[in-house]
1. Could you check how many residues of region 130-188 are at pLDDT 95 or above, open to solvent by less than 30 Å² (accessible area, probe 1.4 Å) and of a type in the set (V, I, T)?
2. Got at least one residue in region 105-115 being in contact with a helix residue (DSSP H, G or I) (Cβ under 8 Å, 6 or more places away or on another chain), farther than 25 Å from P48 by Cα and either polar (S, T, N, Q) or modelled with pLDDT of 95 or more (or both)?
3. Looking only at residues in region 108-125 that are surrounded by fewer than 21 Cβ atoms within 10 Å (Cβ to Cβ) and touching a residue at least 24 places away in the same chain (Cβ under 8 Å), which one is nearest to L35 (Cα to Cα)?
4. Among the numbered conditions (1) among the basic types (K, R); (2) in contact with an Asp or Glu (Cβ under 9 Å, 6 or more places away or on another chain); (3) farther than 24 Å from A136 by Cα, tell me where R53 comes up short.
5. Check G26, G14 and return the single one that is more than 15 Å from the chain's Cα centre (by Cα), closer than 30 Å to K156 by Cβ and modelled with pLDDT under 50.
6. Could you tell me whether A96 is more than 23 Å from A136 (Cα to Cα), modelled with pLDDT of 95 or more and open to solvent by less than 50 Å² (accessible area, probe 1.4 Å)?
7. Within region 69-85, can you find the residues that are closer than 23 Å to K156 by Cα and in contact (Cβ under 8 Å) with a residue 40 or more places away in the chain?
8. Would you mind telling me which numbered condition in (1) over 16 Å from S118 (Cα atoms); (2) loosely packed, with under 12 Cβ neighbours inside 10 Å; (3) over 16 Å from the mean Cα position of the chain (by Cα) G71 fails?
Amino acid sequence: MSRSATSSKLLQAGLAVTPLCLAVSGSAALAQVRLTQDEALRLVFPEPAVIERQTAFLDDDDLARARELAGSEVALEQRVITYYMGRQGDAPLGVAYFDAHRVRTLPEVLMIVVTPDSRIARIEVLKFSEPPEYRAPDGWLEQFAGQALTAELSGKGSIRFMSGATLTSRTVTDAARRALALHEVIGPLAGVGGASRR
């Protein structure tokens, strides 16, 4: 089902999200729900792909390493990380992380999909509660595709921040860095050389 075909239905629906970082709440009247979690997962891992829900538990060393990788400006507190691995047979397709955070005063929920070679495949906005003019458009989000966890993944690197929506630009960029840092530490593609602790 297309986004446009479901938009009115989704505005009425609740959003069940497994937050990657900070659980936030906002006014339901202001929330712009674009996709449910299940719809977002099937968008990136369409049938017949299998989606496996997994959980990792970070110890002090893991959390310190993830913070170091993400960068000192990126908030990273959560120790229990839920993520979703897409597989086609034995072949991994990627891993989806859900990140809930505040933009200015209201919440945003993103799905960040990471490829088997630890690059961003895509970012989808599931929910945005700030005024709609500050939401990151799909065209702007496309610049994250193919990005790895390097200095280029920043407003001082290759990410062009949106004029008039600096806070949105920063929170999306931080979420991307957070997901890639956790991906590196967790090693969720356990059958492909990672080392996930469940």
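The values are calculated or read from the model by the stated rules, or taken from the named source; none is laboratory data. These numbers were taken from a predicted model, which means no experiment stands behind them. With ideal geometry, Cβ positions are generated from the backbone for all residues, glycine too; neighbour counts draw on all protein chains shown. Accessible surface is based on the protein model in full, side chains and every heavy atom, while ligands, DNA and RNA are left aside. Shrake-Rupley method; radii C 1.70, N 1.55, O 1.52, S 1.80 Å.
1. Matching residues across region 130-188 total 5.
2. The answer is yes, given that some residue of region 105-115 is in contact with a helix residue (DSSP H, G or I) (Cβ under 8 Å, 6 or more places away or on another chain), farther than 25 Å from P48 by Cα and either polar (S, T, N, Q) or modelled with pLDDT of 95 or more (or both).
3. R122
4. So the condition that R53 fails would be (2).
5. G26
6. So A96 does not fit the description; no.
7. L69, A70, G71, E73, V74, A75, L76
8. (2)
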